[in-house]
Each structure stands twice: as structure tokens, then as C-alpha cells.
1. State to the nearest 20 debye the size of the charge dipole of the range 3-197 about its Cα centre, where the only charges are +1 on K and R beta carbons and -1 on D and E beta carbons.
2. Output wanted: per-residue J couplings in Hz (rounded whole) for the range 42-57, from phi through Karplus 6.51 cos²θ - 1.76 cosθ + 1.60, θ = phi - 60°, x for Gly and Pro.
3. Determine, for 92, 76, the number of other Cβ atoms within 10 Å of each Cβ, and report the residues in order from fewest to most.
4. Taking neighbour counts of Cβ atoms within 10 Å as a proxy for exposure, in what order, fewest first, do 195, 30 appear?
5. Taking the mean number of other Cβ atoms within 10 Å as a proxy for protection, how do you rank 137-146, 20-29 from highest to lowest?
6. Give the residue list of trypsin sites (Lys or Arg not before Pro) in the range 34-112 that are DSSP loop and have at most 13 other beta-carbon atoms within 10 angstrom.
7. Can you classify the range 3-197 as rounded, prolate or oblate using the Cα gyration tensor, where a ≥ b ≥ c are the square roots of its eigenvalues, rounded means a/c under 1.5, and otherwise it's prolate if a/b beats b/c and oblate if not?
8. Could you please rank 11, 106, 172, placing first whichever residue has the fewest other Cβ atoms within 10 Å of its Cβ?
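Please treat every number below as a calculation from the coordinates, not as lab data. Everything numeric in this text was worked out from a predicted model, so none of it was measured. Methodologically, a virtual Cβ is constructed for each residue, glycine included, from the backbone with ideal geometry; neighbour enumeration extends over all protein chains shown.
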Amino acid sequence: MKNKERIQKLVILALLIALAIVLQAIATFTPVSTYALPLGLIPVAVAAVLYGPFAGGLVGFLWGVYILIFDPSCSTFYNWPGNKAVLNVIYTITAVAVRGFIAGFVAGLIYKLGMRIVNVKSNKKNAAAKIAEESVVMIIASLAMVFVNALVFYSVLILLFKLNGFAKFFSVNFAIMVVLSIITAPIIARICLITEQQLNQNKTYEHKDDSQIESKVFDLDSNN
């Protein structure tokens, strides 16, 4: 990967991390249920689609770190009675930061595998068909991400708060995020497709410029 491409990737990931933090800050101060909506998962999904599982995991982890520091509900986790302080810290980090990494990684992995299957089955498709296929794969990846995010979170709550069963699993937050995943997936797919096309176009232009420069240098050497 060239330095320019590396810098471009870092800039886009930084913007996605910032967007995840902004969305989560909005969700934190406008809660719709016991816990804030995980709106930061939307940029996590974009990172996973554009740059793969580890990029999605990185953005998800840093999104979780923001929640650890700034979400008031985390203080309840840290100070939960009946458990050792060390266990409370481990549970809280797992419920927030680690689950962000796992959710982003799973989204990127499922999207990558799904697109590989789609590309094998259909090589010659127009732009509309590609967007439709990418949207379907993204919906599946997004739903898996929301499911894993909720699964890890409520599994830790069962250990920490000694909840009985997974009755809390299908909470208002989970239902809203499922709906948001279905609604936003086609939009995100379109954005990601445009971004990928732009990045590929930039690579083509850079390749042409390099070829022209090499050609001019060769001509100068030949003349000399």
C-alpha cells in the first residue's frame, strides 16, 4: 500500500471514529430506554465494509472506549455490589469496548464472505444490481453485528447483574437497532460503493500519471 493510500485510509477511519463518537454522544444524552442506543455502530459498519474486519473492530473498540469514559451508566457497572472490584472492571470493559471490537469484526467478516459469494455468482451486473446485492449482504452483516453486540452486552449483564435468562435481550434498543440496520443498510451500501469507486478512480489516475512520468523520463533518456 502506497503512503498516499495509507494516509487516505487513516483519514477516513479517523472520520468514522469521530462520527461514531458524535452519534453515541447524541444517543447518550437522549436515551430511549435504560441504556443509550448504540448509534455508533453505524460508522462501525461502514468501516467494516470499506476496510474489512480489523478496521471495523478498531472503530468498534474505540467507540466502546468512548462509552467507557463518558457514558454515566458505566459508573453503575464499576460500582456494582456483590462482585469484586476487579471483576466489575473486567465485566465493564468486556460489555463495552470488547463487544465493540467483536461486533465490528463480525460485521466485516460476514460482509467480506457474503460479497465473495455474490461476486463468484455474478460477474457481469449493472450498477443497480450491484447496489441491490451489496445492500442485501450489508443488511445481513448489520443484523449480525447488532445481534452480536446485544448478545455480548446482555451476556455480561447476566454475569454482572445476575439476571435470569435472556428476557432483557429483546429490549427496545435491540428492536430499534434492527429497524435502523434494515433502513440504513441500502444507504450505507450506496455510500460505500461510491467511495470505493472514487478510491479506485484515484488509483487509476495515479497509475496513469506515474506511467506518463516514466514515459517522459524514458524519452529524455533516449534523446540523450
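1. 420
2. 5, x, 4, 5, 4, 4, 5, 6, 6, 10, x, x, 5, 5, x, x
3. 76, 92
4. Least to most surrounded, the residues fall as 30, 195.
5. The peptides rank, most packed first, as 137-146, 20-29.
6. Here the sparse-neighbourhood loop sites are 84.
7. Verdict is prolate for the range 3-197.
8. So the ranking, lowest neighbour count to highest, is 11, 172, 106.
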